[in-house]
Amino acid sequence: MESNILPGKPFPLGPTCDGNGVNFTLYSENATAVELCLFDSENDQHETTKISVTEKTNFIWHIYIEGIAPGQLYGFRVHGPYEPENGHRFNPNKLLIDPYAKAISGSIKWNDALYSYKVGDEAQDLSFSDSDSAPFIPKSVVIDQHFDWEGDTSPSYQYYNTVIYEAHVKGFTQLNPEIPENLRGTYAGIAHPASIKYLQDLGITAIELMPVHQFISDRHLKENGLSNYWGYNTIGFFAPDSRYSGSGTKGEQVTEFKTMVKELHKAGIQVILDVVYNHTAEGNQLGPTLSFKGIDNASYYRLTDDKRYYNDYTGTGNTLNAYLPNVLRLMMDSLRYWITEMHVDGFRFDLAATLARELHEVNRLGAFFDIIHQDPVISQVKLIAEPWDVGEGGYQVGKFPPGWAEWNGKYRDCIRDYWSGSENTLPEFADRVTGSADLYKDYRRPTASINFITAHDGFTLNDLVSYNEKHNEANGEGNKDGESHNRSWNCGAEGPTDDPGIISLRQRQKRNLLTTLFLSQGVPMLVAGDEISRTQQGNNNAYCQDNEISWINWESADHELLEFTRKLISLRNSHSVFSRKEWFKGVAVNESNIEDIAWFLPDGTQMEESHWQQNYAKSVAIYLNGNGIHGVGSDGKQVVDDTFYLVFNAHDLGLDYKLPHETYGRQWKVVLDTSTSDTAPDRIYKPQETVHVEGRSVVLLKDDTIRQNQGHDE
């Protein structure tokens with residue numbers, strides 16, 4: 001074997017197969033020795049070959065082994081000081097996952113040997129474990145990166161014509177009877193024609209997949225019969241999780257993932273990944289040693305002044321140190337890999353405020369964002385921030401740099417408050433449905449706002465209108481986990497009910513919330529299953545529920561709401577007035593005296609400043625001028641559209657709205673009324689006629705008689 005060992009090269013990082021052998025690399029600044037361990041089988045209790053890595057260039061240990069091929073299983077053992085009080089946790093008894101592994105075979109088998117200290121010892125992590133962890137930890141895999149993309153290109157959607165669908169690989173497909181059983185819960189299940197047709201018919205343009213990077217299910221969850229279903233517990237930033245593979249775990253998962261992306265692209269659907277670069281699955285000082293801790297703890301994590309402990313801005317026990325060059329390189333290499341090799345179209349960054357922390361304060365122009373801004377590959381895809389973390393000063397909605405969009409938590413909260421009947425919400429409601437200029441207008445466009453009513457974290461849409469309180473008993477934490485202030489309203493009964501009045505009101509509220517979402521300026525995000533009234537039985541923190549609580553139940557789909565949602569998304573996709581690229585100006589358009597947007601009272605007169613201060617006001621009419629979009633299409637021509645009159649009424653009683661003077665519109669046709677599931681009520685009104693708007697409902701009217709030179713930038 002020795003004759004087949006060469007010094008190798010420090011770059012590229014990770015395993016590189018050239019057809020004759022494999023170059024392995026590992027970054028560790030403080031290690032004293034590194035050993036490469038090769039395995040013949042996933043069931044091997046110990047490595048079949050152990051090779052000392054002696055070459056080191058700028059803290060990168062490297063070696064080339066001839067004769068190794070794709071499918072080879074491997075791991076590292078790293079030597080160095082075990083001094084937790086100084087931030088060092090080296091323990092060569094622990095087999096370590098390669099941070100740059102492109103595939104990881106299998107899952108962890110929880111055992112005390114996975115910890116660098118003796119579990120149960122009174123000295124806790126200051127003790128030292130000599131147990132071998134190799135039988136219990138999944139192995140890294142050398143892959144064959146060749147794949148026939150068949151000329152694959154990304155569908156060219158800009159933010160303004162994007163509709164995002166947040167989905168879980170398993171939850172979306174596990175119970176779908178149209179997908180073969182062996183493909184359910186897999187990447188291939190997402191790529192199945194039944195899944196793709198559903199997404200196309202719905203009208204979405206991008207699927208945002210919850211974490212698919214290889215992740216760990218925490219020990220305490222597994223021992224309680226639960227699992228980390230959501231996946232926000234990454235251990236492999238380059239590896240698609242093997243649990244979502246229906247074809248194999250020794251590199252086949254990579255091919256299956258690529259095939260999924262290729263098929264979605266063929267169908268005109270972009271792929272956005274929810275990524276977790278803020279922490280790893282190794283937890284705090286009492287967590288396991290799986291990879292980074294054992295490779296070089298001090299060179300990967302944010303440590304406190306007492307280096308035994310971790311800064312925890314994430315609520316998970318640790319925080320990756322994005323201030324360090326080698327960690328930044330790992331993150332950027334990972335992002336570029338998923339773009340260039342896996343062809344994904346963008347990322348949603350979990351707890352992104354953590355990545356902006358230079359030392360402790362959040363700095364929106366931190367090194368992480370500087371590098372992304374300058375990177376010719378990463379800067380060109382969709383970049384979406386979850387703009388908060390759990391640390392002090394971590395709520396950063398509206399403060400991310402140019403080029404970034406953000407999950408707009410203020411939009412979610414305001415729209416929930418408005419439709420649940422809260423007072424004094426109208427001024428903020430106006431800001432939110434017009435793109436949240438108060439948050440983004442300084443240096444970004446309305447498309448910086450990712451609008452959402454619900455997300456994976458919290459109530460589903462159905463549960464938002466069915467429960468006042470969370471019901472998380474199944475999580476085994478005494479219902480103490482999850483958000484307690486949900487801004488929800490059960491419409492008169494907690495949970496399921498046979499009362500026809502409550503059922504009808506809940507259906508109307510779902511239509512109101514969806515209509516608000518898809519007719520607001522910004523980028524709408526719909527959570528998978530909300531369009532068919534998916535319920536989690538009141539659980540608003542189903543992170544550990546890999547079962548029917550979280551999976552979409554297609555057999556009980558609300559087909560009436562599904563049809564309403566399809567038509568609603570189609571309406572948005574067909575009309576640029578609802579998906580503007582530029583801000584409203586509130587001034588007359590061209591030679592006319594008509595503004596691009598105007599706000600009306602029920603008597604048909606325009607609102608004045610004093611009207612916004614009436615805290616009891618819960619209704620408003622919005623005039624959207626199709627000739628005032630202030631943007632040009634890809635053909636260089638001015639974008640124009642039909643003109644719309646949109647009435648929101650969150651009062652419990654109906655209101656009569658007098659339509660404005662004919663200079664605003666000559667003939668108004670009702671195209672949507674949420675008091676009924678019929679999305680195309682065929683009613684025509686003349687200027688200054690009265691439209692009755694039922695309590696807790698939305699009415700949308702269209703005037704297409706003065707539309708000029710129709711154009712719509714696709």
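Every test in (1) within 21 Å of L351 (Cβ to Cβ); (2) in a helix (DSSP H, G or I); (3) of a type in the set (A, V, I, L, M) is passed by I295 save one, and that test is (1).
Has the stretch 356-364 got any residue that is touching a residue at least 24 places away in the same chain (Cβ under 8 Å) and open to solvent by less than 10 Å² (accessible area, probe 1.4 Å)? So far as the stretch 356-364 goes, yes, one or more of its residues are touching a residue at least 24 places away in the same chain (Cβ under 8 Å) and open to solvent by less than 10 Å² (accessible area, probe 1.4 Å). In this structure, L26 qualifies as in contact with an Asp or Glu (Cβ under 8 Å, 6 or more places away or on another chain) and closer than 30 Å to T255 by Cα.
The strands (runs of 3 or more DSSP E) found entirely in the stretch 175-247 that carry 3 or more residues being of a type outside the set (D, E) and in contact with a Pro (Cβ under 8 Å, 6 or more places away or on another chain) are 234-240. Taking helices (runs of 4 or more DSSP H) as the structural unit, those lying wholly within the stretch 341-456 and holding at least 1 residues that are closer than 30 Å to E609 by Cβ and modelled with pLDDT of 95 or more correspond to 409-419, 426-433, 437-440.
All conditions but one from (1) assigned to a strand (DSSP E or B); (2) within 36 Å of the chain's Cα centre (by Cα); (3) in contact (Cβ under 8 Å) with a residue 60 or more places away in the chain apply to I65; the one that does not is (2). For the stretch 458-485, a residue qualifies if it is farther than 27 Å from G225 by Cα and in a loop (DSSP other than H, G, I, E, B), and the qualifying residues are V465, S466, N468, H485. Taking first residues from the stretch 150-178 that are under 30 Å from N228 (Cβ atoms) and partners that are open to solvent by 20 Å² or more (accessible area, probe 1.4 Å) and in a loop (DSSP other than H, G, I, E, B), the Cβ contacts under 6 Å between residues at least 6 apart in sequence or on separate chains come to G171/W551; T173/R184; Q174/R184; Q174/W551; L175/W551; L175/N553.
Being surrounded by 14 or more Cβ atoms within 10 Å (Cβ to Cβ), more than 18 Å from I97 (Cα to Cα) and either out of contact with any helix residue (DSSP H, G or I) (no Cβ under 6 Å at 6 or more places or on another chain) or at pLDDT 95 or above (or both) is a property that does not hold for G75. Kindly establish whether R506 is touching a Lys or Arg at 6+ places or on another chain (Cβ under 9 Å) and open to solvent by 10 Å² or more (accessible area, probe 1.4 Å). Here the answer is no, as R506 does not meet what is asked.
Results for (1) under 21 Å from G522 (Cα atoms); (2) part of a loop (DSSP other than H, G, I, E, B); (3) among the charged types (D, E, K, R); (4) in contact (Cβ under 8 Å) with a residue 60 or more places away in the chain, shown as yes or no for each residue.
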position: K581; (1), (2), (3), (4): yes, yes, yes, yes
position: F584; (1), (2), (3), (4): yes, yes, no, yes
position: W599; (1), (2), (3), (4): yes, no, no, yes
position: Y616; (1), (2), (3), (4): no, yes, no, yes
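The values are calculated or read from the model by the stated rules, or taken from the named source; none is laboratory data. It should be emphasised that the depicted structure is a prediction, and the values quoted were computed from it without experimental measurement. Cβ: placed from backbone, ideal geometry, glycine included. Neighbour counts: every protein chain shown. Ligands, DNA and RNA are excluded from the accessible area calculation, which covers all protein heavy atoms including side chains. Shrake-Rupley method; radii C 1.70, N 1.55, O 1.52, S 1.80 Å.
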